[in-house]
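Since the structure comes first, as structure tokens, the remarks are kept for the end.
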Amino acid sequence: MLLSIFNRLIEHYGPQNWWPGDTVIEIMVGAVLTQATSWKNAESAVETLKTNNLLSPKSIRNLDQNTLGNLIYSSGYYNVKAKRLKALMNYIYDQFNDDIETMSSCDIETLRNGLLSIHGIGEETADDILLYALEKPVFVIDSYTKRIFSRLGLTPLHGSYKLYSDFFTKNVCLNSKLYGEYHALLVIHGSATCKPIPKCKECCLLDVCKTGVENMKFSSIC
Ligand code: SF4
């Protein structure tokens, strides 16, 4: 079922090829900067760091927090995010001596626990980093995923992060490329079609969606 949903989404929207970013550090920085804001705002802050040749753990550590905050102003909550970025880069130095290959070779549990121990890095951001930067097969769960799969009738709306991530990893083979594409497709589906007020009539999942079928019955009566 989950693979057939993926196939329909990719056929409808096309491959999304996430995450935009040329390096592991750029992807990590983007994952922090996009917290609580649109990708457009985060991307502009990433570009500023890139243009100033500051997308390395050492450069970010060496910047004072105010300067870094000013550089990433467009991403919103810039002081908080400056602190988080510096904490993430300190972690990479303390644990891996800035060696991304060593970091990538660690197991998922060690990395996830380490990332979650950093102030301001929650489960979604940690999994963005694990999946897109370090290419680990973890499924990123966000509000779009919860909304779509609860409407489909496959999961409860208010299930825990773990309930959702277990649901995907148990039912879809462990593959970071597949997981990355799947999450990206859910984001576009949740923002373009399965919105807070869903556009069920034009949805590529309508015939397999419990909520969509109910909505269509209701709209045909009205
Ligand atoms: S049919 Fe409607 S509720 Fe179901 S996934 Fe599509 S847009 Fe969402």
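Quick note: the coordinates plus some simple rules give every number you see, no bench work behind them. A quick note: this is a predicted structure, and the numbers were derived from the prediction, not measured. When we count neighbours, we look across all protein chains shown, and the Cβ atoms used for this are built from the backbone with ideal geometry, even at glycine.
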* **Cα-Cα P(r), the range 24-133, percent of pairs per 5 Å interval** => 2, 13, 26, 28, 18, 10, 2, 0
* **On Cα atoms only, tilt of 2-13 relative to the major axis of the chain in degrees** => 80
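Report the charge-dipole magnitude of the chain in Debye, nearest 20, computed about the Cα centre from +1 at each Lys and Arg Cβ and -1 at each Asp and Glu Cβ. Could the numbers behind the result be given before it?
On the way: 22 positive and 23 negative charges, 171 e Å.
Result for the chain is approximately 820 debye, rounded to the nearest 20.
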* Using Cα atoms only, what is the angle between the long axis of helix 176-192 and the major principal axis of the chain, expressed in degrees (0 to 90) to the nearest 10? -> 60
* **Value of Rg/Rh across the chain [Cα atoms, Kirkwood radius]** => 1.02
* **Theoretical ellipticity at 222 nm over the chain - DSSP helices of four or more residues, -39500 (n - 2.57) apiece, nearest 500** => -18500 deg cm²/dmol
* Asked: By how many degrees, between 0 and 90 and to the nearest 10, does the Cα long axis of helix 161-171 differ from the longest principal axis of the chain?
  -> 70
* **the chain, relative contact order in percent, only Cα pairs under 8 angstrom and at least six apart counted** => 22
* Structure fact -> Ordered by fewest other Cβ atoms within 10 Å, a rough proxy for footprinting exposure, H158, H189 read H158, H189
* Structure fact -> Between the alpha carbon centres of the range 145-222 and the range 78-139 the gap in Å comes to 28
* Within the range 10-40, whose backbone N sits under 20 Å from a point 7 Å along Cα→Cβ of T102? -> 24-26, 28
